[in-house]
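Chemist: Structure in structure tokens, see below.
Rule-based calculations on the coordinates, nothing more; no lab input. What you see is a predicted model; the values in this text were computed from it and never measured. Positions of Cβ are generated from backbone atoms using ideal geometry, with glycine treated the same way; all protein chains shown enter the neighbour counts.
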Amino acid sequence: MSGNITFTMLKPDAVENNHIGAILQKINEAGFRVRAMKYTRLTPEAAGQFYAVHAARPFYADLVKYMSSGPIVAAILEKDNAVTSFRDLIGATDPTKAAPGTIRALFAKSIEANAVHGSDSDENAQIEGSFFFSALERF
Ligand code: IDP
Ligand code: MG
């Protein structure tokens, strides 16, 4: 059975380019409710930890640098079938391959600066949500 929680970050490019409002509107229009949210910034150490699963990939060092380059918005979102539904809403990792109308097709700058993160499994949604929020910060 699929869960009703996913985790997202609006990445530094989305914040820098003033897309917070437009992206949150898309998320709300798609039926997601915000359960926790914060405007924050990752240290290089925290970004490295968050993306540790990609440590062996050639783009890891650049990704860590980019994800700690400016503020982000982190949020826990709720909807039925949240993980799959949100991955559909954001589109493919590479914005040139993302379906028209998806958040990455609309707002991403590049395969790296691709506007938003979305958890890829229920388990990772829990792990990633806990990376940013305590139980008391979830509503
Ligand atoms: P996802 O965010 O669509 O799940 P992942 O493969 O988990 O994609 O990669 C994590 C993040 O690493 C991507 O969102 C993107 O910011 C960055 N990334 C992935 N592939 C590349 C690449 O080939 N070059 C540069 N950055 C990449
Ligand atoms: Mg991923």
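Chemist: Test Val64 against the stated conditions and say whether it is crowded, with 18+ Cβ neighbours inside 10 Å and farther than 13 Å from Ala115 by Cα.
Modeler: Working: crowded, with 18+ Cβ neighbours inside 10 Å: yes; farther than 13 Å from Ala115 by Cα: yes.
Judged against the criteria, Val64 is a match.
Chemist: Another one. Being crowded, with 21+ Cβ neighbours inside 10 Å, among the hydrophobic types (A, V, I, L, M, F, W, C) and farther than 13 Å from Val83 by Cα is the filter here, so list the residues in the range 1-22 that pass it.
Modeler: Within the range 1-22, Met9, Leu10, Ala14 qualify.
Chemist: Which count do you get for residues in the range 105-139 that are away from ligand 1 (no atom under 15 Å from the Cβ) and either in a helix (DSSP H, G or I) or acidic (Asp, Glu) (or both)?
Modeler: Pass one, the range 105-139, residues away from ligand 1 (no atom under 15 Å from the Cβ): 106, 126, 129-130, 132-139.
Add one more test, that the residue is either in a helix (DSSP H, G or I) or acidic (Asp, Glu) (or both), and what stays is 106, 126, 129-130, 132, 135-137.
Selection size over the range 105-139: 8.
Chemist: Tally up the residues in the range 71-104 that are surrounded by fewer than 18 Cβ atoms within 10 Å (Cβ to Cβ) and within 14 Å of ligand 1 (Cβ to nearest atom), please.
Modeler: Summing the residues that are surrounded by fewer than 18 Cβ atoms within 10 Å (Cβ to Cβ) and within 14 Å of ligand 1 (Cβ to nearest atom) in the range 71-104 gives 9.
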